[in-house]
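Report on the following structure.
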Amino acid sequence: MKFPDKESLLSRYKDYSDDEIIQILKKQKSYQKEAVEAATEIALERSIISNEQELKSDKYNLGDTSGFVLFPRLNTAEQAEKVLKSLSRILYLLAVVPIIYALLNYYGGDTMKAIIWMLIGVIGFVLIQGLVKKKQSGFSWILIFLILGVVSYFLLSSNLIRVFSIIDWIILVISVTVIVYSILYIRFILKDKS
């Protein structure tokens, strides 16, 4: 496959917005040398950057993203918002689980357990709301401790520890890990956006 030369890239990039040029410069390791050179020339013309040395700053040096990264850095605010909404939906669905369990306990005649589980569900919703809507990343740690506490309480109060098989433990550990990862990734996105 033949790549376009620098001149054809220059004419193409002239129609690009400043944000699109900045994205090329931020992801320069993903582009051919000619593409980065053309984007740099346009950025200099438009005073997006003052000199080529600026490309070595942290703003444009996102590092090599081809390897393993625990929390991938998102390129645009729009992309970050979409991922944030997706992860928050997972957490909201998670907060419904104790409420459903509360209703099952209530209809089973155990009002005290129903109240406890309902409170846990409501507290979960409030914490998720604070984390996602108010963008308070401090709620992430409280939410993680709540989830770990709830899982521990559920295991101890229902005597499931004695009857769990290896596969049950593996599923539980993976589930809790995914939930904690989602919360920490939301925290990362919120801190990265600020």
Counting only residues that are farther than 20 Å from Thr76 by Cα and in a helix (DSSP H, G or I), which one in the stretch 43-53 is least open to solvent (accessible area, probe 1.4 Å)?
Leu44
Scan the stretch 154-163 and tell me whether some residue there is closer than 23 Å to Ile183 by Cα and part of a helix (DSSP H, G or I).
yes
Can you name every residue in the stretch 1-40 that is more than 19 Å from Asn51 (Cβ to Cβ) and of a type in the set (Gly, Ala, Ser)?
Ser8, Ser11, Ser17, Ser30, Ala35
All but one of (1) among the aromatic types (Phe, Trp, Tyr); (2) farther than 24 Å from Leu70 by Cβ; (3) modelled with pLDDT of 95 or more hold for Tyr181; which doesn't?
(2)
Run down Ser165, Ser157, Ser140 and say which single residue is small (Gly, Ala, Ser) and either out of contact with any helix residue (DSSP H, G or I) (no Cβ under 9 Å at 6 or more places or on another chain) or open to solvent by 50 Å² or more (accessible area, probe 1.4 Å) (or both).
Ser165
Filter the stretch 1-40 for residues that are of a type in the set (S, T, N, Q) and either open to solvent by 70 Å² or more (accessible area, probe 1.4 Å) or part of a loop (DSSP other than H, G, I, E, B) (or both) and give the result.
Ser11, Ser17, Ser30, Gln32
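The values are calculated or read from the model by the stated rules, or taken from the named source; none is laboratory data. Just so you know, these numbers come straight off a predicted model, no measurement behind them. Every residue, glycine as well, gets a Cβ built from its backbone with ideal geometry; the counts of neighbours run over all protein chains shown. The protein model used for the area step is the full one, side chains on, heavy atoms only, and it has no ligands, DNA or RNA in it. Shrake-Rupley method; radii C 1.70, N 1.55, O 1.52, S 1.80 Å.
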